[in-house]
Amino acid sequence: MNPFKFGTIVDGPFFFNRTKELQRIKAVINSENHLTIISPRRYGKTSLIKKALSESSNRHIFLDMQIILTVEDFAAQLLKRVYRISPFSKLKNMVKSFRIIPSLVINPSTGEIDVNFKADEKSSGYPLEDVLNLIEKLGSEKKRIIVALDEFQDIFRIDKTLDRILRSIMQNHKNINYILAGSSESMMREIFENKKSPFYHFASVMHLKVLPEKDFSVFLEERFGELTEHSDQLSSNILQVTGCHPYYTQQLSSFAWDILNRDGYSEDIITKAVEEILQNNDNNYERLWQGFNRTDMKVLTGMSAGNPEPLSNEFSSIYNVGASSTVYSSLQRLMQKGIVVKDNRSYTIDDPFLKKWIMMRRER
């Protein structure tokens, strides 16, 4: 069985390291505090949160904000998950006190309760406040309920004033631990680290980083060691390509494992695995590339070639991208899309295979 997993929630033997981060989340769950997790996309943020929740004895609610359409839908999705953790009979009378009574329908295919709120413009915030206060009532000081909201930066897509609405409600809760996570670093920093933001100092902030190379090497060598005595070389070559990025390391390792298991060891296994990944994602990368404007294309091309820092005068001269302010605007757009990440003062393309795809296309 291939011991590497990517693209879905990782748990069990596929979940690797993050021991310190897991301990910190558990510490928050067992305290009176809230936690913010900021992480680039595909760093294993969601898997980490779900693992912490699964190992907690507290009742919990997990909601991906990317699926939410409106403020009323936010309330409905929350209440739907409340019914999963509390008896219907107990909730029946509590829901009757809502200012807007939701419609409840049993979904015959899933057996779950589907919830719907119908509110006008003036009362659109009532259902969300009522549902969050209901969760507060269900919890207790000794047994708090954990509410984890993933991709929290999407609140601005749902409603531009939702940050103020949520803060005014959440600040009064004593029986809920909130875990607010997001993958758009610039937007999450704006929400939780800007002094003018309603959520400034609302929660302690944890930044999820790449995994340590030494630990990742041990993880890879143990698994490749089942098939070959060259596991140390394979591990080194993989991490050189992926830079210890959790998702892309698992992806490249998975492809390399299949080739190794099928054809046996050869010195160019990682090269073959990279070529297979590029072939499989060729259409996706092409669609992604066509969505960039010309300036973004130039910036990504220069960054893929490993040329000078994109904000340098030398970079602007080589790729004719204009003033550094133009490049900066491009980098901000690409960061919001998750294409580029910033580590300290350095900008890098998040996906190492996108970099290789860009150079491969130019070399053709």
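The values are calculated or read from the model by the stated rules, or taken from the named source; none is laboratory data. Given the structure is predicted, the values throughout are model-derived calculations rather than measurements. For neighbour counting, all protein chains shown are included, and Cβ atoms are generated from backbone atoms with ideal geometry for every residue, glycine included. Keep in mind that these areas ignore ligands, DNA and RNA; they rest on the heavy atoms of the full protein, side chains included. Shrake-Rupley method; radii C 1.70, N 1.55, O 1.52, S 1.80 Å.
State whether the residues of region 195-206 include one that is without any contact (Cβ under 8 Å) to a residue 12 or more places away in the chain and touching a Lys or Arg at 6+ places or on another chain (Cβ under 9 Å).
There is at least one residue in region 195-206 that is without any contact (Cβ under 8 Å) to a residue 12 or more places away in the chain and touching a Lys or Arg at 6+ places or on another chain (Cβ under 9 Å).
Looking only at region 113-126, count how many residues are open to solvent by 40 Å² or more (accessible area, probe 1.4 Å) and of a type outside the set (Lys, Arg).
Count: 5.
Restricting to region 170-182, name every residue that is open to solvent by 10 Å² or more (accessible area, probe 1.4 Å) and under 21 Å from VAL71 (Cα atoms).
Passing the criteria: GLN171, ASN172, HIS173.
At least 3 residues that are more than 18 Å from the chain's Cα centre (by Cα) in each: list the helices (runs of 4 or more DSSP H) lying fully within region 155-217 that qualify.
So the answer is 162-170.
Of the residues that make up region 254-264, is at least one under 30 Å from ILE179 (Cβ atoms) and either polar (S, T, N, Q) or open to solvent by less than 70 Å² (accessible area, probe 1.4 Å) (or both)?
The answer is yes, given that some residue of region 254-264 is under 30 Å from ILE179 (Cβ atoms) and either polar (S, T, N, Q) or open to solvent by less than 70 Å² (accessible area, probe 1.4 Å) (or both).
Of the residues in region 236-251, how many are closer than 12 Å to PHE6 by Cβ and free of Cβ contacts under 8 Å to residues at least 40 places away in the same chain?
Residues flagged as closer than 12 Å to PHE6 by Cβ and free of Cβ contacts under 8 Å to residues at least 40 places away in the same chain within region 236-251 amount to 1.
State which residue is nearest to ASP282 (Cα to Cα) when the search covers only region 341-364 and only residues that are at pLDDT below 90 and in a loop (DSSP other than H, G, I, E, B).
Looking at the filtered set, the residue picked out is ARG364.
When region 89-112 is examined, which residues are found to be modelled with pLDDT of 85 or more, open to solvent by less than 50 Å² (accessible area, probe 1.4 Å) and not in a helix (DSSP H, G or I)?
Selection gives PHE98, ILE100, PRO102.
Being at positive phi and either open to solvent by less than 40 Å² (accessible area, probe 1.4 Å) or part of a helix (DSSP H, G or I) (or both) narrows it down to one of GLY338, GLY302, GLY306, so name that one.
Answer to the check: GLY338.
In this structure, is SER39 within 30 Å of ARG18 (Cα to Cα), of a type in the set (S, T, N, Q) and open to solvent by less than 60 Å² (accessible area, probe 1.4 Å)?
So SER39 passes the test.
Picking from ASP150, ASP154, which residue would you name as being crowded, with 21+ Cβ neighbours inside 10 Å and in contact with a strand residue (DSSP E or B) (Cβ under 9 Å, 6 or more places away or on another chain)?
That would be ASP150, the only listed residue that is crowded, with 21+ Cβ neighbours inside 10 Å and in contact with a strand residue (DSSP E or B) (Cβ under 9 Å, 6 or more places away or on another chain).
Given (1) open to solvent by 20 Å² or more (accessible area, probe 1.4 Å); (2) modelled with pLDDT under 90, where does LYS80 come up short, assuming only one miss?
Single failed check for LYS80: (2).
Under 9 Å by Cβ, and 6 or more places apart or on different chains, what pairs join a residue from region 91-102 that is within 17 Å of SER124 (Cα to Cα) with one that is open to solvent by 30 Å² or more (accessible area, probe 1.4 Å) and of a type in the set (D, E, K, R)?
Between residues of region 91-102 that are within 17 Å of SER124 (Cα to Cα) and residues that are open to solvent by 30 Å² or more (accessible area, probe 1.4 Å) and of a type in the set (D, E, K, R), the close pairs are ARG99/GLU129; ILE100/GLU72; ILE100/LYS118; PRO102/LYS118.
Look through TYR347, TYR285, TYR328, TYR319 and report the one residue that is on the phi < 0 side of the Ramachandran plot and in contact with a strand residue (DSSP E or B) (Cβ under 7 Å, 6 or more places away or on another chain).
None of the other options fit; the residue is TYR347.
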